[in-house]
Structures are given as structure tokens and as C-alpha cells.
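Q: Questions regarding the structure given below will be posed in turn.
Derivation of every value follows stated rules applied to the coordinates shown; laboratory data play no part. Quick caveat, the model's predicted, so the values are computed rather than measured. Every residue, glycine among them, receives a Cβ derived from its backbone with ideal geometry; neighbour counts consider all protein chains shown.
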């Protein structure tokens with residue numbers, strides 16, 4: 001390596017370290033890439049990659065009874081086994097305040113909750129969740145797995161409840177603070193199958209009554225499913241649709257295969 005190349009390499013690595021310490025570098029951006037200074041920049045690239053490990057924000061979406069929560073747990077365990085720094089969280093919930101909001105939103109006794117009030121409760125939950133859980137974890141170079149996120153609000157309160165889409169999107173932009181999923185797994189199956197699964201789960205858990213959403217008519221769940229499918233069609237790069245009629249093992253294998261193709265650098269660093 002020539003002297004001027006070496007000096008340039010050291011300067012860029014030093015600058016990268018300073019930027020990293022100030023946390024002003026976007027989490028997916030690599031300043032020192034191999035080939036930036038010349039053919040002998042592997043030393044520089046390796047130094048910086050060790051500092052700027054890539055984190056991913058992965059969300060799990062689907063209608064009631066789609067199995068997304070089960071898969072979120074299975075995928076979390078896979079990443080932990082791979083020694084990937086990762087957290088598993090959910091919406092609504094994920095924070096102390098969020099769990100209180102969750103109890104209201106899912107309570108069957110809250111059936112008189114009007115759509116706009118429902119929307120604002122979800123947005124309040126998300127505002128707290130993003131600021132106190134998701135953003136700190138991503139800044140700490142951890143992967144974040146989230147059971148439902150902003151897409152759920154669009155599908156449920158937008159497509160199914162009929163609230164203004166532009167208004168929902170504006171609220172989401174405000175509370176998400178620029179944080180958006182890198183990958184969204186959408187677990188898709190017929191609405192009647194998902195609802196029956198959810199009702200069966202409730203019976204097996206000896207719940208006194210079904211949740212507020214399980215009490216909705218089948219047309220509501222069909223609208224949610226159609227909403228999700230429209231979101232996926234509009235953002236095919238981010239969404240990965242999974243056939244939720246497959247076995248748990250088959251679904252998990254497909255998630256792992258998909259993530260390996262996208263996140264090879266991150267998995268190699270783990």
C-alpha cells in the first residue's frame with residue numbers, strides 16, 4: 001500500500017470512529033468500503049465494519065390467527081443461537097405504558113371504542129415504543145423484531161375501519177421519527193381460517209371471552225387481509241409474503257432463507 005493511500009485509509013477510519021461515537025451516521029451506511037481508496041483497503045474496511053455493525057428492523061404482520069407471534073419468537077431464538085444482538089418486542093405494548101394501552105385496545109369490554117379513539121391509542125403506543133425501545137436498540141446495533149408495527153394501523157384502522165389513509169400516514173410519519181422496517185414478513189391465510197385459529201387459541205387459554213378484534217365480523221377480517229395484501233403489492237422489496245397455512249417448521253425455514261440472502265454481512269459479523 002502506498003503511503004498516501006495508507007494516510008487516507010487511516011484518516012477515513014478515524015473519521016468514521018468519530019462519527020460513530022457521535023451517532024450521526026445512518027445505521028446502514030458504510031463510509032469505508034473496499035475499493036474506495038484502492039485495491040488494498042481491506043484493512044480499512046475491516047476496521048470500520050467492526051465498529052459499524054449492521055442492524056435490521058424486522059416486523060411481523062398478519063391477520064388474527066396468522067401465527068405471526070409464534071414465528072416472531074422462533075425467529076428471535078434462531079438469531080440468538082446465531083449470536084446476533086437482537087430484541088423482540090410488540091405493538092401494542094413493548095413498554096410499561098404501552099402494555100396499559102394494549103389492555104384497553106384488546107379488552108372485549110371496550111367494544112364501544114370508536115375508530116378514531118382506537119387509532120390515537122395505537123399512535124400513542126407507537127410514539128412511546130419507537131422513542132424508548134426501538135430507536136435505542138437500533139442505535140446500539142441490535143436487530144429489532146417487532147410483532148406488528150405501522151402497517152397494522154394502516155390495515156386495521158385504514159382499510160378495515162375506513163379512517164382517512166392520508167391522516168394515518170401523517171401520524172405514522174410523525175411518531176416513527178424516520179424509523180421504518182427493513183423487512184416485513186406478512187403471514188397470509190384466508191380470513192375464516194385465521195379467525196377460527198384465534199378463537200380456538202382463546203378457548204385453549206381458558207379466556208373468559210374473546211378479544212375485541214376476534215369479535216368482529218368476518219367481513220372486517222377480510223378487509224384487514226386485503227389491506228395487508230395491497231400494502232405488500234405496493235412495497236414488494238420490503239414485504240415477504242409467507243403462506244401461513246404451512247407448518248411452523250416450514251414457515252421458519254422460509255424466513256431464515258429469506259433473511260440470509262438479505263443480511264449475509266450482518267450474520268457473518270455476528
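Q: Tell me which residues, restricted to the stretch 223-236, are farther than 14 Å from residue 162 by Cβ and touching a helix residue (DSSP H, G or I) at 6+ places or on another chain (Cβ under 6 Å).
A: 225, 228, 231
Q: Kindly list the number of the only condition in (1) surrounded by fewer than 18 Cβ atoms within 10 Å (Cβ to Cβ); (2) in contact with a strand residue (DSSP E or B) (Cβ under 8 Å, 6 or more places away or on another chain) that fails for residue 96.
A: Checking residue 96 against (1) surrounded by fewer than 18 Cβ atoms within 10 Å (Cβ to Cβ); (2) in contact with a strand residue (DSSP E or B) (Cβ under 8 Å, 6 or more places away or on another chain), the one that fails is (2).
Q: Would you mention how many residues in the stretch 139-153 are assigned to a helix (DSSP H, G or I) and surrounded by fewer than 21 Cβ atoms within 10 Å (Cβ to Cβ)?
A: So the count comes out to 1.
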